[in-house]
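Below: one structure, written as structure tokens.
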Ligand SMILES: [Zn+2]
């Protein structure tokens, strides 16, 4: 990837987020880049998270160790994962006599794959996969 400034990178990410909201039909949700206050421990990093109450999806757009602009395909893979949590929501299920929260189940992962395929096919987003 050619070298771009952090500002340019965030600008490109905001354009990607905008387009992903349309392509994956999550218009009532807000997708935001993660705010980095300081360099975190690279081992305890989160790629992204979703908040069902505030309807926000937050994505880390910099690499954990060196805080360099992260490659767009990996940003979109994280997005495809987080958006799948809306499409295939978590549910409670009984497991060995306990109630557990199922978040990452087979139908969820199928949805992630569908999302990635959709993003790769989109005429605007496919440029970012090169
Ligand atoms: Zn997840």
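The values are calculated or read from the model by the stated rules, or taken from the named source; none is laboratory data. Only a predicted model underlies this, so the values are computations on that prediction, with no experimental measurement involved. Backbone-built Cβ (ideal geometry, glycine too); neighbour counts: all protein chains shown.
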Here are 69, 64: which of them is over 27 Å from residue 22 (Cβ atoms), in contact with a helix residue (DSSP H, G or I) (Cβ under 6 Å, 6 or more places away or on another chain) and surrounded by 12 or more Cβ atoms within 10 Å (Cβ to Cβ)? 64
Hey, residue 83 hits all of (1) assigned to a loop (DSSP other than H, G, I, E, B); (2) within 12 Å of the ligand (Cβ to nearest atom); (3) surrounded by 14 or more Cβ atoms within 10 Å (Cβ to Cβ) but one; which does it fall short on? (1)
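In the list 107, 77, which residue meets the criterion of being exposed (fewer than 12 other Cβ atoms within 10 Å of the Cβ), within 16 Å of the ligand (Cβ to nearest atom) and modelled with pLDDT of 95 or more?
On the way: 77 fails: exposed (fewer than 12 other Cβ atoms within 10 Å of the Cβ).
Selected residue: 107, the only one of 107, 77 that is exposed (fewer than 12 other Cβ atoms within 10 Å of the Cβ), within 16 Å of the ligand (Cβ to nearest atom) and modelled with pLDDT of 95 or more.
Based on what the data block shows, is residue 112 in a helix (DSSP H, G or I) and more than 28 Å from residue 7 (Cβ to Cβ)?
Working: in a helix (DSSP H, G or I): yes; more than 28 Å from residue 7 (Cβ to Cβ): yes.
So residue 112 fits the description; yes.
So in segment 13-27, with the set limited to residues that are surrounded by 15 or more Cβ atoms within 10 Å (Cβ to Cβ) and at pLDDT 95 or above, which one is nearest to residue 55 (Cα to Cα)?
21
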For residue 56, work out the one condition from (1) within 14 Å of the chain's Cα centre (by Cα); (2) surrounded by 17 or more Cβ atoms within 10 Å (Cβ to Cβ); (3) at pLDDT 95 or above; (4) within 21 Å of residue 108 (Cα to Cα) it doesn't fulfil. (2)
Subset of segment 28-50 [more than 16 Å from the ligand (Cβ to nearest atom) and either part of a loop (DSSP other than H, G, I, E, B) or at pLDDT 80 or above (or both)]: 28, 30, 32, 33, 35, 36, 37, 38, 39, 40, 41
Residue 120 fails exactly one of the following numbered conditions: (1) within 11 Å of the ligand (Cβ to nearest atom); (2) in contact with a helix residue (DSSP H, G or I) (Cβ under 8 Å, 6 or more places away or on another chain). What is the number of that condition? (1)
Restricting to segment 86-104, and then to whatever is touching a strand residue (DSSP E or B) at 6+ places or on another chain (Cβ under 8 Å) and within 18 Å of residue 26 (Cα to Cα), can you tell me which residue is farthest from the ligand (Cβ to nearest atom)? 86
